[in-house]
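Each remark here refers to the structure printed beneath this line.
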Amino acid sequence: MSIALGRQWIEQATGIVGFTGAGISTESGIPDFRSPNGVWARNRTVYFDEFVRNEHDRIEYWRQKSEGWPGMRDARPNAGHLAFTELARRGKLKAMITQNIDGLHQASGLDSTLIHELHGNGTVAGCLSCGDRTPMDEAIERIQQGERAPRCRRCDGLLKPATISFGQTMPMEVLANCQRAAESCDLFLAVGSSLVVYPAAALPVVAKRAGARLIILNRTATPIDELADLVIRDEIGKALPALAGVETSKQAGGSGYDPVLE
Ligand code: ZN
């Protein structure tokens, strides 16, 4: 069981599905929402129906988003994100499923048609009525100018970050696409996820049952480690480029930043 074996499997694979969780983005300096000091521990959860019903809940929700925004806005993709982009460039990566809302896969140059965001995207706000989208920077600027819960400029509907909130239904279409990708891949590469949040955590199981190889790269154990063909516990920015056969010197030279490690 080693990186060399995983690297060999990745070289042989023709249809890889990548799956990422918070662990890949903590290496870009984005805190895990579920960590003891994360947003969820420090703030009251505003459920989706509360957001829709009450102005004061919308104000609280946007206050929390404003607080977390600079960290997300300034984060840059790390060597782990870039390794997935490289696998796509080689034609190996068929789908990139992510639980993250930070848009770092897009920022790493990955074709957005490959990306399936299970929990939405926090870099844009969407109108709950007409669907019109506004960059998050603009929405936050309006809050700073005094609109405490901004509304859609087109139809006056409720503007909300385009993420899936507690109590909000995950779009069935996104989930169905992920399911299809998992069923038809030959290698499922789960990275930086503790694989405990359902239905996302079921996807590697789906892939494995359909005959794919399963590689799990995460700092801590997951409930399905026993099912995996290979489990690696290491820094993602170090281990993933090695698995993907990406030259680290090229990564550092081309990206112009140093990944922030925990
Ligand atoms: Zn609207």
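The values are calculated or read from the model by the stated rules, or taken from the named source; none is laboratory data. This one's a predicted model, so the numbers in the text were calculated from it and none came from an experiment. Cβ: placed from backbone, ideal geometry, glycine included. Neighbour counts: every protein chain shown.
Which numbered condition trips up residue 164, out of (1) closer than 16 Å to residue 61 by Cα; (2) at pLDDT 95 or above? With (1) closer than 16 Å to residue 61 by Cα; (2) at pLDDT 95 or above applied to residue 164, the lone miss is (2). Please list, ordered by first then second residue, the pairs with beta carbon atoms under 6 Å, 6 or more apart or interchain, first in the range 144-166 and of a type in the set (D, E, K, R), second assigned to a strand (DSSP E or B). Matching pairs, first to second residue: 151/159.
Being in a helix (DSSP H, G or I), modelled with pLDDT of 90 or more, closer than 19 Å to residue 200 by Cβ and over 15 Å from the mean Cα position of the chain (by Cα) is a condition met by at least one residue of the range 45-66.
Of all residues in the range 93-122 being of a type in the set (Ser, Thr, Tyr) and surrounded by fewer than 21 Cβ atoms within 10 Å (Cβ to Cβ), which is farthest from the ligand (Cβ to nearest atom)? Top of the filtered list is 113. Scanning the range 148-201 for residues that are surrounded by 15 or more Cβ atoms within 10 Å (Cβ to Cβ), within 24 Å of residue 136 (Cα to Cα) and among the small types (Gly, Ala, Ser) returns 149, 157, 162, 165. The set of residues in the range 211-237 that are under 16 Å from residue 22 (Cβ atoms) and part of a strand (DSSP E or B) comprises 216, 217.
Taken together, 142, 133, 148, 154 contain a single residue that is within 9 Å of the ligand (Cβ to nearest atom) and of a type in the set (Lys, Arg), which is 154.
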